[in-house]
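Have a look at the structure below, then the notes.
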Amino acid sequence: MDPKKVYKAILSKHLKICSELISAKLGKPVMSSWVNADYIKLSALLLEETRVNISKNTLKRMFGKVKTEDSYTPQKASLDALASFVGYSDWEDFFLDHKSIAEDFESVTDQPVQISKDKKSWPLKLKKYLLGIAVVLSMYFVGSLFFARGMESRLKRVSLTCVNPDGEEVHSAVFKLKIPERLMDTASFTINFGDQTMDILSTDKKQIVHYYGIAGIYHAVLSYKGKPIDTTTVYVKTNHWIARFTQATTSKNSKIKDIKSEQNLLHIEESKIKDIGIDTIQPFYLTFQNIKRTGISGDNFELKARVFTSRIFPGVNCSEILFTVYGDSARHDLLILKPGCTAWAYACFSETRSDGSKYDLSSLGRDLRSGGDIRLLVRHKSVKFFLNGKQLFTTDYKKTIGNVCGLNFTFGGIGELRDISLRDLNTGETF
């Protein structure tokens, strides 16, 4: 019995199940009745969802729409993309979920078993046949195991570094990639730059330049088949307080030049909204931001401020304020809104997150249009949040965020900050 034929039969069965799942997902009839346009559409959907480009002709070969040579075997990246499209992490995951196919010897060959009329000989032939199937399956599983272990070893040698991690206000960051020569499956690598943009690697990419147009702390993450394997941090600094308006319905982002940035006051005149063309009928936001490196521990600090949230505009109903403490490796976020809007509230401290859509965060429902004194106390990764001296929220986390390297206050609409202070509880260093 030819092991290659057995393997192709197993693969064909799995592809048939995969095709049925794809047809069900797309709400289409069985793939055998598909026309050319259906394969073109599937190719586009695969590229959109998995970032892997499989041509319509390749799809036709994989699913038996056109004849192929006996030696034809689909590429692993293509199989992984199909598995991902129907909800699996990769092809191995899909295979293991349907491994009973491979164990059913009647399904893995189109060669009928020739049973002798001699009743004494057919048990021996069947035994040899089953033994052959067991050998093929063992080879397949052992090969898959060694492949996975070899891949894991090679992935440990993959790295992502930023040559110039520090910039000011805008920055073109240069990323260097280190990928072993034997690891040619580069199409399965992606870089998430931390600013809602992503790049898919090609075989010749060893260096990537990415433009950051807004100040902030960005954690660029290199992933293989969706699994993070390395990260590096980019610091796009301001080194002083700046302000900008953002229109939610467009990509418009306007930095404000005339900001009152005294020691104890951050304020924008409301007339600036009209001057820069902000449409107040649509949601808009004002952000005060100061990004700079410090020696203040992001796990042991006290933040205080007096805040005044926005008056009601047609596009501003919840008068929210989101404040963010950036760290070298992670961040803290807390969103406070008017009562009745707390389904949108959330508290995120390092790896822990509570969403108002899942948990009762009504304690964070506060109307601060007339002002309120906030105090965020983080001591040894234990968090307490106070408003006007009353504790409203508490939580704990495990992963350090590193040193503080920025503060961000974002108001729905327009707002004002007074008496901002942040200090290290251990060293006394101030922001």
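If you add up the charges near Asp373, with Lys and Arg at +1 and Asp and Glu at -1, over every other residue whose beta carbon is less than 9 angstrom from its beta carbon, what do you get?
On the way: positive: Lys304, Arg306, Arg375; negative: Asp419.
Once all neighbours under 9 Å are counted, the net charge is +2.
In percent, what relative contact order does the stretch 337-422 have, based on Cα pairs under 8 Å that are 6 or more apart in sequence?
On the way: 107 pairs, mean separation 18.5, N = 86.
It comes to 21 percent, rounded to a whole number.
Sorting check: for 54-64, 393-403, 22-32, 283-293, which peptide has the highest mean count of neighbouring beta carbons within 10 Å, and how do the rest follow? Spell out each step's value before the answer.
Values: 54-64: 17.7, 393-403: 15.9, 22-32: 13.6, 283-293: 21.0.
Highest mean packing first, the order is 283-293, 54-64, 393-403, 22-32.
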If we count other beta carbons within 10 Å of each Cβ, what is the order of Trp34, Trp241, fewest first?
-> Trp241, Trp34
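Could you give the Stokes-Einstein D for the stretch 1-68 in µm² per second, using the C-alpha Kirkwood radius, 25 °C, 0.890 mPa s? Could the numbers behind the result be given before it?
Details: Rh = 12.8 Å.
Roughly 192 µm²/s, to the nearest whole number.
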How would you rank Cys18, Cys341, going from fewest to most other Cβ atoms within 10 Å of each one's own Cβ?
-> Cys341, Cys18
In whole angstrom, the spacing between the Cα centers of the stretch 59-98 and the stretch 355-431 equals 49 Å
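We did not get these values from a lab; they are worked out from the coordinates using the rules stated. Owing to the predicted nature of the structure, the values given are computational and were not obtained by experimental measurement. For neighbour counting, all protein chains shown are included, and Cβ atoms are generated from backbone atoms with ideal geometry for every residue, glycine included.
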